[in-house]
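The next block holds one structure in the form of structure tokens; read it before the comments.
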Amino acid sequence: MSAHELRAQLKTLREQLAQTPPSSSEDHAELQRLIQQIEAELDATAQTTTLSHSVNLAVERFEIDHPSLAVTLRNIGLALANMGI
């Protein structure tokens, strides 16, 4: 499932909660927290993807004219990937 599809499912879940909330306010609060956690993860993933994409674009940009710079950028990209960023 893509991030876009997951966001659509979260929207559907919010709509369902608004229309027919759980009988327990604790259950409702737990579902709201879960939605927020998932959205935070999606946002963090989007930022990470943007960062790694930016590094890769910089590698491509400098590869021909500044090969040593490109190698260093590639190493940074690998280090970020190894760190899970």
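Within region 1-22, the set of residues being assigned to a loop (DSSP other than H, G, I, E, B), over 15 Å from Thr45 (Cβ atoms) and either open to solvent by 100 Å² or more (accessible area, probe 1.4 Å) or of a type in the set (Ser, Thr, Tyr) (or both) comprises just one member, Thr20.
Selection over region 15-47 of residues that are touching a residue at least 24 places away in the same chain (Cβ under 8 Å) and within 11 Å of the chain's Cα centre (by Cα) gives a count of 5.
Taking region 23-50 as the region of interest, how many residues are among the polar types (S, T, N, Q), open to solvent by 70 Å² or more (accessible area, probe 1.4 Å) and in a helix (DSSP H, G or I)? Here the count works out to 7. Once region 58-72 is narrowed to residues that are among the hydrophobic types (A, V, I, L, M, F, W, C) and out of contact with any Lys or Arg (no Cβ under 7 Å at 6 or more places or on another chain), the residue that is surrounded by the fewest Cβ atoms within 10 Å (Cβ to Cβ) is Ile64. Take the conditions (1) open to solvent by 60 Å² or more (accessible area, probe 1.4 Å); (2) of a type in the set (A, V, I, L, M, F, W, C); (3) farther than 21 Å from Ser2 by Cα; Ala81 misses just one of them, which is (3).
Only one of the listed residues (Thr50, Thr12) is closer than 18 Å to Ala79 by Cβ, free of Cβ contacts under 8 Å to residues at least 40 places away in the same chain and of a type outside the set (Phe, Trp, Tyr). That residue is Thr50. Quick one: in region 61-85, which of the residues that are part of a loop (DSSP other than H, G, I, E, B) and within 20 Å of Thr48 (Cα to Cα) is nearest to the chain's Cα centre (by Cα)? Among those that are part of a loop (DSSP other than H, G, I, E, B) and within 20 Å of Thr48 (Cα to Cα), it is Ile85. Contact map, region 59-85: first residue within 19 Å of Gln47 (Cα to Cα) and modelled with pLDDT of 90 or more, second residue surrounded by 13 or more Cβ atoms within 10 Å (Cβ to Cβ) and of a type in the set (D, E, K, R), Cβ cut-off under 6 Å, separation 6 or more or different chains; pairs are Val59/Arg74.
The values are calculated or read from the model by the stated rules, or taken from the named source; none is laboratory data. This structure is a prediction, so every number in the text was calculated from the model and none was measured. Neighbour counts run over all protein chains shown; Cβ positions are idealised from the backbone, glycine included. Heavy atoms of the whole protein, side chains included, go into the accessibility calculation; ligands, DNA and RNA do not. Shrake-Rupley method; radii C 1.70, N 1.55, O 1.52, S 1.80 Å.
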